Amino acid sequence: MKNINKNMINIQNLINDFVRKENEENKRKVENWHSSSIGSCLRGQYFKRLGAKPDQEFDDRTLRVFNCGKIFENWIVELLKKQKDVKIKTQIKAKDKELELSGYADLILSNKNESIVYELKTKNSKSFWYMVGKGEGAMKQHQLQLFSYLYMLGFKEGRIVYIEKDTLSILEYPILLSNKELEKEFLDELNLLNTAWKLKDPKILPLPKKDSWKGRYCQYHKQCVKF
């Protein structure tokens, strides 16, 4: 196959230019902890809030994956908007000054009987069916993220929806505000993060266990292990 002249139109380059630009525009100063990071590497969360430069920026392929995830989520939202018996709110801001935490819940669906907070997640086929095979329910970091929205917004119930991108299989897992174990894990993590922040000492934040996904996917891992 002949190489494409760099001065000619190239779809992959156009897509990469778009997702890079969008990623830069979405970057903003992190003034507090963010719900989407809860459950991930503690020191990574600390350095992100500090404004440290990541060890390595996301590559083009990863940015394309992130962007496609948004497309799937938007597809679901647009379908739900057409349902006459359900009211929908999107990107609902949640904030807790005491915990120094904020985030945006994906959806709130309401009918005459109930209102439920939803968090939408996309997965590739291998990851989706591996999760199903384990039979342990929703991933813990996603449970903590959704629980944070229930806690800050005052809702009793939420649900995590996973969309498998190859066959569009869908799984839905309920999360309850009354889950005391999840509440303890959530508050313990935030209290520890805030203690480290006030003391300006990331060393009190434990490193992830060896070979844990928290270390592999932390953008600040090289900085984390220096302390």
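The values are calculated or read from the model by the stated rules, or taken from the named source; none is laboratory data. These numbers were taken from a predicted model, which means no experiment stands behind them. With ideal geometry, Cβ positions are generated from the backbone for all residues, glycine too; neighbour counts draw on all protein chains shown.
Overview of values
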| item | result |
| --- | --- |
| Residue within region 61-81 that is within 19 Å of His142 (Cβ to Cβ), modelled with pLDDT of 90 or more, of a type in the set (A, V, I, L, M) and in contact with a Gly (Cβ under 9 Å, 6 or more places away or on another chain) present | no |
| Breaking point among (1) touching a helix residue (DSSP H, G or I) at 6+ places or on another chain (Cβ under 9 Å); (2) of a type in the set (Phe, Trp, Tyr); (3) touching a residue at least 40 places away in the same chain (Cβ under 8 Å), for Phe128 | (1) |
| Those residues of region 35-64 which are surrounded by fewer than 19 Cβ atoms within 10 Å (Cβ to Cβ), hydrophobic (A, V, I, L, M, F, W, C) and closer than 21 Å to Asp96 by Cα, in sequence order | Leu50 |
| Residues that are part of a loop (DSSP other than H, G, I, E, B) and either at pLDDT 95 or above or on the phi > 0 side of the Ramachandran plot (or both), drawn from region 88-115 | Lys97, Glu98, Leu99, Glu100 |
| Qualifying residue in region 65-84 (condition: of a type in the set (Asp, Glu), surrounded by fewer than 12 Cβ atoms within 10 Å (Cβ to Cβ) and outside any helix (DSSP H, G or I)) | no |
| Filtered residues of region 168-225 (kept if touching an Asp or Glu at 6+ places or on another chain (Cβ under 7 Å), in a helix (DSSP H, G or I) and either at pLDDT below 95 or exposed (fewer than 13 other Cβ atoms within 10 Å of the Cβ) (or both)) | His221, Lys222, Gln223 |
| Test: residue in region 153-162 that is at pLDDT 95 or above, surrounded by 16 or more Cβ atoms within 10 Å (Cβ to Cβ) and in contact with a His (Cβ under 9 Å, 6 or more places away or on another chain) | yes |
| Among (1) under 22 Å from Glu98 (Cα atoms); (2) in a helix (DSSP H, G or I), the one test that Phe155 misses | (2) |
| Scope region 192-215; condition within 19 Å of Lys53 (Cβ to Cβ) and without any contact (Cβ under 8 Å) to a residue 60 or more places away in the chain; matching residues | Lys200 |
